[in-house]
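Working notes, beginning with the structure itself.
Computed from the coordinates by the stated procedures, all read-outs in this text should not be read as laboratory data. Quick caveat, the model's predicted, so the values are computed rather than measured. Here the Cβ positions follow ideal geometry from the backbone for every residue, glycine too, while neighbour counts run over all protein chains shown.
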Amino acid sequence: MLSPLFFALALFVRLTSAGPVFYRWRVVGKGGRPFIGYKFRSMVLNADELKANLEPLNEMKGPVFKLTNDPRVTPVGSWMRRYSLDELPQLYSVVKGDMSLVGPRPPLVTEYAQFTEYQRQKLAVKPGITCLWQVSGRNRVSDFDEWVGLDLEYIRAWSLRLDLKILLKTVREVLVGSGQ
């Protein structure tokens, strides 16, 4: 059903920047188990190498990197991120069983290596494509421990009703283009 959209996004990525259509990201799942996830590539080809130069500009307190107006993001990547379209290939990770639709976001392997015991608690459950953090002002949260607090709140209060509420809020966020 999503094939036409996937094809169009893949074509946009391919025609507007050099490199592969998909970005393979090494992330950590439930219990600290690493896996390879996929996204549509939204950054320049050498984005991982350029990240080291941008570390002093990190807007997030803690082991996670976040930068508004990241210069590594391509114009098409910026548009895809705004509507979270770059995240769609993660549905493959859901089908494989590495992720669920709702749950704490999976950290990069390099970020996980820097986690405190408190922060590692977020991996008590399967990571998700969307989470409480994403629908609770993700662009305003600048302290990773606050983000982890939202993840732990989700884990403690988990219910099918909460998952449905987060999914509905995610649809709203995607439609209004609140992503960055």
I'd like the distance between the alpha-carbon centres of region 73-91 and region 39-71, rounded to an integer number of Å. 15 Å
Please identify every one of the trypsin sites (Lys or Arg not before Pro) in region 107-163 that sits in a loop by DSSP and has no more than 11 other beta carbons within 10 Å of its own beta carbon. ARG140
Which residues qualify? For SER100, with a placed amide H closer than 5 Å and at least 5 residues away or on another chain, they are GLY128, ILE129
Would you kindly compute the Cα radius of gyration of the chain and its largest Cα-Cα separation (Dmax), both in Å? 15.7, 45
I need the phi-derived Karplus couplings for region 35-41: 6.51 cos²θ - 1.76 cosθ + 1.60, θ = phi - 60°, integer Hz, Gly and Pro marked x. 8, 9, x, 10, 9, 5, 5
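In region 80-171, what chymotrypsin sites (Phe, Trp or Tyr not before Pro) fall in a loop by DSSP, with at most 14 other Cβ atoms inside 10 Å?
On the way: sites: TYR83, TYR92, TYR112, PHE115, TYR118, TRP133, PHE144, TRP147, TYR154, TRP158; in loops: TYR83, PHE115, TRP158.
Here the sparse-neighbourhood loop sites are TRP158.
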Where Rh is the Kirkwood radius over the Cα pairs of region 40-117, the temperature 37 °C and the viscosity 0.692 mPa s, what D in µm²/s does Stokes-Einstein return? 231 µm²/s
Give me, ordered by chain and number, the residues 5 or more places off MET43 or on other chains with an amide H under 5 Å from its own placed amide H. THR74
Under 20 °C and 1.002 mPa s, how fast does region 1-91 diffuse according to Stokes-Einstein, given a Kirkwood radius computed over C-alpha pairs? Answer in µm²/s, whole number. 150 µm²/s
Dipole of region 77-124, Cα-centred, from +1 at each Lys and Arg C-beta and -1 at each Asp and Glu C-beta, to the nearest 20 debye? 100 debye
Select from region 1-68 those trypsin sites (Lys or Arg not before Pro) which occupy a DSSP coil region and have at most 13 other Cβ atoms within 10 Å, ordered by residue number. none
Protection-proxy order for peptides 101-108, 71-78, each taking the mean of Cβ atoms within 10 Å per residue, highest first: 101-108, 71-78
